[in-house]
Amino acid sequence: MKKLTLIAAFFLTASLAFCEKITILSYNIAHNSSYKKEHYEEWMAGIEEIVRQNEADIVLLQEVPITMKKGFVTRFYGDVELHFKLPQKKTILDDIAWELGPEWKSISTATYLLHDGVTIDGTAFSGGDMSQNNAIFYNSQKVSAEDLSDPLGFTIFPECDYRFNKNNVQAARFTSGESTFILVNVHLQSKNSMEKRDRDLLTLADMLLNEFGGEISDEPVIAGGDFNTRRKEFASLDFESYVIDGKSSPKTTLSIRDSGFAYANDYDHFIYNPAMAEKVKTPTVRARIGNAGRNLEKESSIIIAGVECTSSKELRNRLSDHVPIMIVVEF
């Protein structure tokens, strides 16, 4: 009996030892500020500090300003002519990877960015620019990734079953040990284009429910990013079998007021299927920012990467108009 007890204890200890926590951080880095262009190195250092401070393993970035080559590549799909932009050889992706370290790798949407809009089957889709890119960074010593843009047809836009505006959705399959999961990085259009945003939301729901099996899938699936959608809006948009994380989404868009710190919208979310719900160890929270922790409204000033900000407006200009969110899963 003693021997059996020892064997059972060994296997229990071994199984616990192989449990691995994975911290996923989502951050709209919102490049559109002259300050960030003039103080690019400070901006990069701020992003790097946030990733380090929150011990992230996978980072979903939205609004990544990837410098594109001049002109475009023309591709024909039957009678449809499409123009695609292509990224330059060295871009912000290289700079972020350099800041994070050699073990960090990335995949992006820049290789299938539509140069201009196109109408297919009577539906108009928008083109993009250097800022309309998503990128996923991941610690390759912790996880490996397979970009699903080709299998999903994102690179052959007219023939794709899931067409989004401005290549604003990307998907990858991650492997950790013997476990796999699907991660979808989302940045939908703002409320200035409600019709297109809602159409993209419905397309996203279709992709998550049909392509990845929805509630019947035994492979964990999680989507995160800037949905430009309040949490309560998901209920009416076919996401019934997905979990909208948390009892209430933390507000993450920064106010534009001049004095002090304040939050505006709750547009950043993680949503996931039941298989991933079983893996969630720590539900969605705001990421820590410099000396402010997770609630900027309690601070009179914030220091991030050595730069002090005294208002939401300053933080928006110097870093981003969003505060990142994070979730911890365990396999």
### Task
Report the residue count in segment 68-94 for those that are over 30 Å from ALA45 (Cα atoms), of a type in the set (A, V, I, L, M) and either without any contact (Cβ under 8 Å) to a residue 60 or more places away in the chain or assigned to a helix (DSSP H, G or I) (or both).
1
#### Entry: Selection within segment 276-301 - at pLDDT below 95, open to solvent by less than 30 Å² (accessible area, probe 1.4 Å) and not in a loop (DSSP other than H, G, I, E, B)
THR284, GLY290, ALA292, LEU296
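Can you name the residue in segment 220-255 that is hydrophobic (A, V, I, L, M, F, W, C) and at pLDDT below 90 and is also nearest to THR310 (Cα to Cα) among such residues?
Per the stated criteria, the residue is ILE244.
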## Note on the structure
If we keep only residues of segment 95-117 that are assigned to a strand (DSSP E or B) and either over 24 Å from HIS83 (Cα atoms) or without any contact (Cβ under 8 Å) to a residue 40 or more places away in the chain (or both), then the residue least open to solvent (accessible area, probe 1.4 Å) is TRP104
### Message
Being at positive phi and open to solvent by 40 Å² or more (accessible area, probe 1.4 Å) is the filter here; which residues of segment 57-81 pass it?
### Response
GLY71, GLY78
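The values are calculated or read from the model by the stated rules, or taken from the named source; none is laboratory data. Predicted, not measured: the structure shown is a model, and the values here were computed from it. No Cβ is skipped: glycine too gets one built from the backbone with ideal geometry, and neighbour counts run over all protein chains shown. What goes into the accessible areas is simple: the full protein's heavy atoms, side chains included, and nothing from ligands, DNA or RNA. Shrake-Rupley method; radii C 1.70, N 1.55, O 1.52, S 1.80 Å.
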